[in-house]
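Here is the structure we will look at.
The values are calculated or read from the model by the stated rules, or taken from the named source; none is laboratory data. Note that the structure is a prediction, hence the values are computed from the model and not measured. Using ideal geometry, Cβ is built from the backbone for each residue, glycine included, and neighbour counts are taken over all protein chains shown.
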Amino acid sequence: MPPLPDTVADMDTATAEPPLFALTRPEAAKLLRVKPATLAKWATRGTGPVYSRSGQRRGRVFYRHADLERWLAARRIDPRGTTTDG
């Protein structure tokens, strides 16, 4: 597996990721620069990025790059108060 980029912005979005390729919670946390426990807390509260679970209740959690990017884009803040769409 190739090394993870330092930031989501460093990812090559021109190449489509394989449909089943996903990051573990620790890998996703590293990209977002938060602790895995923070992602778990956000998941419990329903405020974090979209994720998949490998089992029904206790399965491993996985995040797709595209979902992390979408989640981050939805939280962009422009300090000037102008729109940041684009």
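Key figures
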| read-out | value |
| --- | --- |
| Residue 85 vs. criteria in a loop (DSSP other than H, G, I, E, B), touching a Pro at 6+ places or on another chain (Cβ under 9 Å) and either modelled with pLDDT under 95 or among the hydroxyl-bearing types (Ser, Thr, Tyr) (or both) | no |
| Flag if residue 37 is outside any loop (DSSP other than H, G, I, E, B), hydrophobic (A, V, I, L, M, F, W, C), in contact with a strand residue (DSSP E or B) (Cβ under 6 Å, 6 or more places away or on another chain) and modelled with pLDDT of 95 or more | no |
| Region 33-71: number of residues that are touching a Pro at 6+ places or on another chain (Cβ under 8 Å) and in contact (Cβ under 8 Å) with a residue 40 or more places away in the chain | 2 |
